[in-house]
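Novice: Before I ask anything, let me first share the structure, which is written out below as structure tokens.
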């Protein structure tokens with residue numbers, strides 16, 4: 001890709017990857033056919049489809065593009081290593097399998113390398129609900145009778161653990177309370193689907209979720225919320241390349257803290273009904289950022305924001321407070337001329353007038369997208385390898401950018 005002219009036009013935002021994967025797992029809770037609308041056609045969804053198929057479900061797309069999951073009465077409660085190691089999010093089948101089968105054998109998770117992210121918080125919570133565990137040969141085996149509701153307090157508001165325990169608890173006997181629960185919109189989306197399936201849940205979107213167990217759930221049709229991280233990616237693109245774009249099918253209220261930061265950096269943002277219009281007419285201004293659980297600045301936004309800061313006017317500090325080790329993309333930005341120093345969990349970013357095109361490698365989904373965005377404003381040609389990581393989270397990424405006027409192509413081996 002080359003430095004692009006200012007971007008212009010509109011782009012439709014896909015369904016949220018970080019929601020769709022959990023909704024797919026939730027389909028295991030109810031025998032019958034579940035239809036999920038606005039599920040992106042990305043690699044991570046395909047991998048989760050393979051996980052569900054291994055468990056005994058049938059996964060397909062209908063003519064309208066909806067994801068159709070047919071769940072049998074009896075599941076195969078094993079999530080194999082060769083699938084789970086590809087994607088950490090697949091550990092969320094643990095809760096539904098314990099709830100449905102009273103047994104689950106799940107490989108220890110893999111996925112993007114952001115440092116140590118154990119599943120101990122999941123297992124402790126399942127243990128409080130009545131499950132017992134053995135870990136051997138790279139697998140965790142959990143057994144239980146019908147789970148029993150308890151009050152569970154998380155040390156940290158883990159998004160994935162909240163989802164997993166929520167799905168396990170919906171058919172537990174009695175009342176389960178999750179304190180210090182994650183508050184992300186994707187948790188609310190999962191809760192909305194579970195409620196439509198017959199679950200009794202209150203408090204989703206707050207730090208205290210209460211679940212009254214029911215005997216059984218039924219399949220539903222559900223539409224996935226928009227992907228706020230894809231939306232952030234296109235906002236970063238216009239921040240780097242300039243111009244004015246409209247994002248269609250987005251929920252601005254899910255991105256309040258990010259939008260506030262972008263306005264402080266000099267971006268003009270107009271909120272519409274299900275849309276955002278963003279423009280930039282001059283060089284961005286530096287602003288300090290710190291990642292925090294929702295409603296704070298999401299860790300998935302940080303590579304995009306650091307890329308913007310690398311060409312902003314001034315010096316900024318970007319602090320990572322969620323995942324250790326999520327600075328692997330910094331060396332790639334440095335290859336493009338970025339002036340960034342790492343000190344512990346802080347990145348000190350001194351803005352340059354312009355980056356320089358260079359060959360770089362994507363090491364995870366969001367870092368890969370950030371490097372593509374960096375290339376939109378860099379002098380010369382930027383070549384990004386490892387684009388299979390980007391495919392895990394973005395549908396038609398190159399085509400969407402090209403539709404906004406970006407000078408970008410993709411080469412296939």
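The values are calculated or read from the model by the stated rules, or taken from the named source; none is laboratory data. Remember, it's a predicted structure, so these values are computed and weren't measured experimentally. As a convention, Cβ positions derive from the backbone with ideal geometry for all residues, glycine included, and neighbour counts pool all protein chains shown.
Novice: Which ones in region 148-175 are within 16 Å of residue 216 (Cα to Cα) and touching a helix residue (DSSP H, G or I) at 6+ places or on another chain (Cβ under 6 Å)?
Specialist: Result: 167, 168, 170, 171.
Novice: Another question, then. Among 89, 99, which is the only one that is modelled with pLDDT under 95, closer than 30 Å to residue 175 by Cβ and either touching a strand residue (DSSP E or B) at 6+ places or on another chain (Cβ under 6 Å) or assigned to a helix (DSSP H, G or I) (or both)?
Specialist: 89
Novice: Turning to a different aspect of this structure: Just to be sure, is residue 329 in contact (Cβ under 8 Å) with a residue 60 or more places away in the chain, assigned by TED's automatic domain parsing to the domain that holds residue 341 and under 24 Å from the mean Cα position of the chain (by Cα)?
Specialist: no
Novice: Tell me, which strands (runs of 3 or more DSSP E) lie completely within region 252-328 with 3 or more residues that are in contact with a strand residue (DSSP E or B) (Cβ under 9 Å, 6 or more places away or on another chain) and closer than 21 Å to residue 355 by Cα?
Specialist: Output list reads 315-319.
Novice: Here's another thing I want to ask about it. Condition test on residue 130, is it part of a loop (DSSP other than H, G, I, E, B), in the same structural domain as residue 28 (by TED's automatic domain parsing), touching a residue at least 12 places away in the same chain (Cβ under 8 Å) and more than 23 Å from residue 18 (Cβ to Cβ)?
Specialist: yes
Novice: Now, a different point. Is one or more of the residues making up region 157-165 farther than 19 Å from residue 108 by Cα, in a strand (DSSP E or B) and either in contact (Cβ under 8 Å) with a residue 24 or more places away in the chain or more than 28 Å from the chain's Cα centre (by Cα) (or both)?
Specialist: No, because not a single residue in region 157-165 is farther than 19 Å from residue 108 by Cα, in a strand (DSSP E or B) and either in contact (Cβ under 8 Å) with a residue 24 or more places away in the chain or more than 28 Å from the chain's Cα centre (by Cα) (or both).
Novice: In addition: Over 23 Å from residue 128 (Cβ atoms), surrounded by fewer than 17 Cβ atoms within 10 Å (Cβ to Cβ) and either touching a residue at least 24 places away in the same chain (Cβ under 8 Å) or not assigned by TED's automatic domain parsing to the domain that holds residue 396 (or both): which single residue out of 197, 193, 257 fits that description?
Specialist: Just one listed residue meets the conditions, 257.
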